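The values are calculated or read from the model by the stated rules, or taken from the named source; none is laboratory data. From a predicted model like this one, the values you see are computed outputs, not experimental measurements. Note: ideal-geometry Cβ built from the backbone for every residue, glycine included; neighbour counts use all protein chains shown.
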Amino acid sequence: MVSIGLDTQIQFLKGVGPKRAQLYQKLGIETVRQLIWHFPRAYINFGDFVEISSTELDQVCSVRGRIVSKSGEQRIRKGLSIFKVRVADDTGDMTMVFYNTKYAVDALEVYGEYCFYGRVSGNLLHREMLSPQVFTVQQAEKGGLYPVYPLTAGITSKVISANVEQAFSLLEEEALADFLPSDIRLKESLCQLEFALRQIHRPKDIRTAEMAKRRLIFDEFLMLSLALATIRDKNQTAAGYQMSMEWGNPEDFYRSLPFSPTHAQRRAVDESIRDMCRPTPMNRLIQGDVGSGKTLVAAACCYFAYRNRCQSALMAPTEILAAQHGNTLSRQLEPLGMCVKVLTASTPAAEKRKIRQALKDGEIDLLVGTHALLSDGVVFQKLGLVVTDEQHRFGVAQRVRLAQKGEHPHLLVMSATPIPRTLALMIYGDLDLSVIDELPPGRSPVLTYRVGSDKRERAYGFVRKQLDEGRQGYVVCPLIEQGEMDTGLKPATQLVQELAQGPFAGYRVGLLHGKMKQQEKDAVMRDFQSGNLQLLVSTTVVEVGVDVPNAVIMMIENAERFGLSQLHQLRGRVGRGKYQSYCILLSDAKNQESRQRLAMMCKTTNGFEIAEFDLKLRGPGDFLGYRQHGLPQLAIADLAKDVGLLQAAQQAGAELLRQDPTLSQPQHERLRAQVAAVVHNVGGQIN
């Protein structure tokens with residue numbers, strides 16, 4: 001039998017081939033390594049069946065029953081057919097609903113007994129299970145736990161399980177050699193790597209599954225911790241532009257402002273400038289709630305770089321936000337002698353050429369832009385400071401690319417997404433942290449209310465009252481157009497017509513969504529910012545950074561469909577001026593978790609309290625997408641539940657690096673290779 005390695009392409013496994021390999025690519029699986037590290041998200045315990053009469057709505061469970069009847073194919077629309085199978089046990093019956101699976105349903109025998117696994121839906125009188133997994137009684141009676149994997153169309157858990165089993169049988173002997181030093185493994189009471197990998201896919205019982213999971217979670221945290229430490233150390237050894245207080249003082253900048261900065265803003269500026277005066281590059285995260293004044297901190301740092309004869313770059317995630325920053329920073333910095341320009345994809349070609357030449361000649365002191373700043377034609381004469389706004393919209397690799405346009409410039413990262421410290425340790429492990437925990441004076445908290453659809457007309461009346469007083473507002477909904485999701489939600493394209501022709505007839509109503517061309521989006525936002533539009537119907541494209549001080553009301557349709565952090569960001573679009581502002585959460589949610597989340601939004605406007613609550617309730621997945629950060633997605637660890645293992649792994653990693661800073665000792669060779677792979681994924685390299 002021919003042996004295979006972890007880097008073997010999975011198409012060479014029996015039963016995979018080129019076609020199935022293409023389906024696997026949608027799960028991010030191309031090699032045997034990626035297949036084996038594609039872990040189950042749950043297990044079916046065949047010894048733990050639920051009687052049909054005892055099933056609970058919205059719960060995942062296993063039932064065992066005989067097939068009473070099967071319906072014929074029902075065509076819902078082109079390309080979608082459903083099949084219904086009625087199943088009964090001694091306590092009752094329920095309907096199994098299958099989509100586009102004619103052959104699988106044909107194989108089920110009427111009066112035959114089967115086991116079904118899935119989420120229960122329906123109502124109090126009749127239960128259903130949509131797209132359940134089906135097993136024969138013989139398969140169930142083998143016992144043990146059956147893995148349930150994250151899937152894509154055309155790939156089932158049975159297929160993955162069979163392919164994993166074959167991969168294990170063909171792997172060369174040394175492929176799964178343990179990379180974790182034995183002293184760490186023994187100290188933390190962890191099982192060996194090969195045992196963990198085999199048992200996570202087909203454990204004999206829950207205890208064994210937990211033992212395997214614990215080892216693999218520890219590995220994930222340790223690898224990421226070591227990788228971030230490696231990137232950080234690499235930055236610390238590089239020579240940046242060492243600046244000096246002799247050339248510039250933030251007090252000069254403060255005196256030019258028409259208001260006094262908060263103590264928190266001053267503290268963040270002082271911490272940043274102290275870093276910029278060191279011989280190693282600054283790597284600092286400025287974290288502050290919506291409206292806390294992070295842009296002022298960035299402006300002070302750009303001014304300090306200018307006084308030290310260096311250029312600065314500020315990268316924002318959208319053209320709207322880049323233009324807004326350009327206007328704000330021009331007002332604050334040009335009176336002090338700085339030249340500020342904005343460069344985006346929609347900047348006219350002739351203007352782009354002028355800006356690029358002036359930048360190269362050192363005539364531009366601060367360039368604000370989007371991803372356009374990363375293009376090859378953008379060349380700085382002396383880039384001393386890089387600022388990225390809304391860092392969770394950029395990957396680590398992107399900020400590295402921008403930094404490479406200078407000689408190891410200082411880096412300032414701004415984020416208005418409040419992040420619990422636990423999560424910040426992992427996501428921003430290569431950055432120092434400054435927190436702006438104080439709002440500028442005169443800002444009133446946004447009053448937030450949850451209302452049901454039965455009070456919709458009353459809520460519309462309240463919105464009209466604000467518009468009649470000369471103010472503006474937003475209506476946000478989760479969909480752009482019909483057909484995005486198989487739900488009964490009303491899309492923005494439909495809602496804007498209904499509002500403009502119904503409750504807001506006679507008012508100036510606009511539409512903004514992510515599928516519009518950039519020029520269209522910019523035109524709509526200009527109309528809204530100038531007051532030409534009174535009410536803006538939008539998707540979450542308004543979530544980040546749009547600053548309209550005259551907007552005082554935010555109405556969010558189907559609020560339960562949004563994550564807490566996202567709701568908080570949306571609410572941050574109002575309350576930015578001198579008027580009392582309001583947020584109305586429209587929701588008929590009956591689910592207890594959804595009601596808890598919306599109640600939290602009504603209770604507090606503190607983003608950090610909301611973030612901690614969200615992390616405990618839902619885990620980090622809803623909160624931030626790891627891939628947006630450029631970090632590898634955690635395959636098995638849960639930052640909300642596994643804090644103890646995170647701390648143990650970080651302590652173990654710190655001790656390892658104290659003993660062997662470059663992991664160059666022979667016993668750490670395999671570990672070093674693992675860490676190098678993670679470092680490569682986040683945009684750096686081990687020298």
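Counted as qualifying within region 109-211 are the helices (runs of 4 or more DSSP H) with 2 or more residues that are among the hydroxyl-bearing types (Ser, Thr, Tyr), namely 157-170. For beta carbons closer than 8 Å, sequence separation of 6+ or different chains, a first residue in region 453-477 that is at positive phi and surrounded by 20 or more Cβ atoms within 10 Å (Cβ to Cβ) and a second that is part of a helix (DSSP H, G or I) and aromatic (Phe, Trp, Tyr), there are no qualifying pairs. Residues in region 587-618 that are touching a strand residue (DSSP E or B) at 6+ places or on another chain (Cβ under 7 Å), surrounded by 14 or more Cβ atoms within 10 Å (Cβ to Cβ) and either charged (D, E, K, R) or within 23 Å of PRO549 (Cα to Cα) (or both): MET601 only. Would you mind stating whether ASP48 is modelled with pLDDT under 90, under 32 Å from the mean Cα position of the chain (by Cα) and either part of a loop (DSSP other than H, G, I, E, B) or at negative phi (or both)? Spelling it out, it is not the case that ASP48 is modelled with pLDDT under 90, under 32 Å from the mean Cα position of the chain (by Cα) and either part of a loop (DSSP other than H, G, I, E, B) or at negative phi (or both). Counting residues in region 444-462 that are of a type in the set (A, V, I, L, M) and assigned to a helix (DSSP H, G or I) gives one or more. What are the residue pairs meeting all of these: first residue in region 176-192, first residue surrounded by 14 or more Cβ atoms within 10 Å (Cβ to Cβ), second residue of a type in the set (Lys, Arg) and at pLDDT below 95, Cβ atoms under 6 Å, and 6 or more apart or on different chains? If the second residue must be of a type in the set (Lys, Arg) and at pLDDT below 95, the pairs left are PHE179/ARG670.
Please work out if ALA88 is in a strand (DSSP E or B), in the same structural domain as GLU128 (by TED's automatic domain parsing) and either of a type in the set (A, V, I, L, M) or within 21 Å of TYR146 (Cα to Cα) (or both). Here the answer is yes, as ALA88 does meet what is asked.
Yes/no per residue for (1) farther than 30 Å from GLN311 by Cα; (2) of a type outside the set (Lys, Arg):
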site: ILE184; (1), (2): yes, yes
site: ALA212; (1), (2): yes, yes
site: SER225; (1), (2): yes, yes
site: GLY240; (1), (2): no, yes
site: ARG267; (1), (2): no, no
